[in-house]
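Some notes on the structure that comes next.
The values are calculated or read from the model by the stated rules, or taken from the named source; none is laboratory data. Just so we're clear, the structure is a prediction, and the values are computed from it rather than from any experiment. Because the Cβ atoms are built from the backbone with ideal geometry, glycine has one as well, and the counts that use them run over all protein chains shown.
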Amino acid sequence: MTIYLCHDEPDLYVHDAVVVDSRPGAVALSRSAFHPGGGGQVSDIGSIEWSGGRVAVTHIEPERGIWWHVLAAPDAELSGDVTVAVDAEHRLQVASLHTMSHVLNAFVFDEFSGALVTGAQIGGDGKGRMDFDLPEVDNDRLRALEAPINDVITRGLAVSQVYVDAVEAQQIDGLVRSMSVAPPPTPDGRLRLIDIDGLDRQACGGTHLSNTAQSRKIAIIKVENKGRHNRRVRFRFAG
Ligand SMILES: [Zn+2]
């Protein structure tokens, strides 16, 4: 059992639900395939259809365990049965950049002896960035990772989620790095790992592709020094 419906059913984009709480411009639902975002990753966007029409959802605001679906109409108050629709294009874009951030992280971790991520951001605008704790490194070596990342896209590696015992996972070096989207706790103490076949295994609660070939090619657009220890790698879709 997991907390997120989108983890159990990653291909579920449209479903029925019931309004369980409402305030002007926001609504909480009995179930939702939206990803709430977190750890620098934007939430899903989409729409909700109800008896009064259809209204866009701009983002999710988690508040003490309740996911408020924030509506584009600030005065709208919804009730009753609704149909939820997640924007598939937006999901694919964010999942692509996010999955490629795992790939980038794997190469950096490997090439720079276990360098850790200090921050990450995946936006809805086709851009992302990752910060690494890399005190002394030639920025050109980071820029050069663009080619092997795109090679992983060409090779089409399977991406899957696996659940492991959270306590055991903490003991495995490199598995739980301070990166990306914090995995939601599961009621039975398991941790969600994202496995990129033959390349990387990483604890994460974000949205991912099921195969790296689903992503458009990536361009590393900038590597910046952020303080003495931090390198910031900015990337976006190529072309
Ligand atoms: Zn992830």
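Can you name every residue in the stretch 130-148 that is under 23 Å from the mean Cα position of the chain (by Cα) and touching a residue at least 12 places away in the same chain (Cβ under 8 Å)?
The first filter runs over the stretch 130-148 and keeps only residues under 23 Å from the mean Cα position of the chain (by Cα), leaving 130-133, 142-143, 145-148.
Passing the criteria: Met130, Asp131, Phe132, Asp133, Leu142, Arg143, Leu145, Glu146, Pro148.
Exactly one of these conditions fails for Arg54: (1) free of Cβ contacts under 8 Å to residues at least 12 places away in the same chain; (2) under 30 Å from Thr186 (Cβ atoms). Give me its number.
Exception for Arg54: condition (2).
Residue-wise test of (1) away from the ligand (no atom under 16 Å from the Cβ); (2) of a type outside the set (Lys, Arg); (3) more than 23 Å from the chain's Cα centre (by Cα).
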{"position": "Gly52", "(1), (2), (3)": "yes, yes, yes"}
{"position": "Ala72", "(1), (2), (3)": "yes, yes, no"}
{"position": "Glu77", "(1), (2), (3)": "yes, yes, yes"}
{"position": "Asp110", "(1), (2), (3)": "yes, yes, no"}
{"position": "Leu116", "(1), (2), (3)": "no, yes, no"}
{"position": "Gly123", "(1), (2), (3)": "no, yes, no"}
{"position": "Gly126", "(1), (2), (3)": "yes, yes, no"}
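Restricting attention to the stretch 151-164, does a residue exist that is hydrophobic (A, V, I, L, M, F, W, C), at pLDDT 95 or above and within 13 Å of the ligand (Cβ to nearest atom)?
Just the residues of the stretch 151-164 that are hydrophobic (A, V, I, L, M, F, W, C), to begin with: 152-153, 157-159, 162, 164.
Add one more test, that the residue is at pLDDT 95 or above, and what stays is 152-153, 157-159.
Those still in the list that are within 13 Å of the ligand (Cβ to nearest atom) too: 159.
Yes, there is a match, as at least one residue in the stretch 151-164 is hydrophobic (A, V, I, L, M, F, W, C), at pLDDT 95 or above and within 13 Å of the ligand (Cβ to nearest atom).
Only one of Leu78, Leu104 is of a type outside the set (Ser, Thr, Tyr) and closer than 30 Å to Gly227 by Cα; which?
Values: Leu78 fails: closer than 30 Å to Gly227 by Cα.
Exactly one of Leu78, Leu104 is of a type outside the set (Ser, Thr, Tyr) and closer than 30 Å to Gly227 by Cα, namely Leu104.
What's the total number of residues in the stretch 200-231 that are at pLDDT 95 or above, surrounded by fewer than 19 Cβ atoms within 10 Å (Cβ to Cβ) and part of a loop (DSSP other than H, G, I, E, B)?
Total meeting the criteria: 3.
Could you list all residues from the stretch 149-166 that are surrounded by 13 or more Cβ atoms within 10 Å (Cβ to Cβ) and over 21 Å from the mean Cα position of the chain (by Cα)?
Arg155
Please go through the stretch 1-15 and give me each residue that is under 25 Å from Ala76 (Cα atoms) and part of a loop (DSSP other than H, G, I, E, B), ordered by number.
Tyr13
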